[in-house]
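So the structure is just underneath, and the comments pick up after that.
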Amino acid sequence: MPSSRSTARIGFRALNAADLGMLAQWLADPRNSAHWGGSGETDALEDHLTDHRVAQWIVTRDGTDVAYIQDYDIHAYQDHPLAALPKGARGIDTFIGQSSWMGAGLGPSYLALHVQCLFDSDVPALGIDPDNVRSHDLAARLEATIDPMAPPPYLPDVVTYRVRTAGSV
């Protein structure tokens with residue numbers, strides 16, 4: 001995957017160490033800290049900077065940093081909940097930086113673009129495990145036309161997760 005890419009108003013650039021302060025501020029937002037563990041999560045994100053299994057991106061809109069998205073090799077983690085997906089599948093985690101940026105179509109826009117970029121890079125399948133309390137994330141993923149798939153039986157607390165295989169886009 002290239003180190004940066006963009007289209008129209010939405011772009012992606014590789015996360016770097018200089019972004020960690022901004023991410024800590026975003027993660028302090030109660031909406032993000034409820035799922036991501038708060039600003040302390042930046043240590044894990046920093047560790048991922050050198051982890052070949054994880055690609056981390058800052059989403060930009062008209063040149064302004066607005067969101068974080070990561071994609072990772074599902075099969076690089078032992079007993080991953082999405083391991084039923086084919087080899088080469090990627091998992092996606094994401095959040096919008098500030099609550100004020102929500103509700104204007106940002107999530108569906110960048111998620112659809114990121115999904116398409118991954119499929120264009122020959123990723124065979126993608127999995128997203130949304131926290132069912134974060135209905136705005138689920139709505140964004142649905143709008144990004146990611147098809148529903150039943151949750152695995154060993155994750156009874158997961159209401160659903162979303163996946164689309166390459167070729168069905």
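The numbers here are math on the coordinates, done by the rules we state, and not lab data. As the structure is a computational prediction, the values presented were derived from the model and not from experiment. Glycine gets a Cβ as well: all are built from the backbone with ideal geometry, and neighbour counts include every protein chain shown.
Remarks
- Anisotropy class of the range 1-125 from Cα gyration tensor, a/c 1.5 cut: oblate
- Derived scalar couplings between HN and Hα for the range 75-83 equal 7, 7, 10, 4, 6, 5, x, 9, 5 Hz in order, rounded to whole Hz, by the Karplus curve 6.51 cos²θ - 1.76 cosθ + 1.60 (θ = phi - 60°), x for Gly and Pro.
- Compared with the alpha-carbon gap, the fully stretched path from ARG53 to ALA34 is longer by 4.4 nm at 0.36 nm per residue.
- A crude spin-label estimate for the pair ALA76 and ASN16, with each label 7 Å from Cα along the Cβ direction, gives 2.1 nm.
- Potential lengthening between SER99 and GLN25 on full extension [0.36 nm per residue; Cα-Cα distance subtracted]: 25.4 nm
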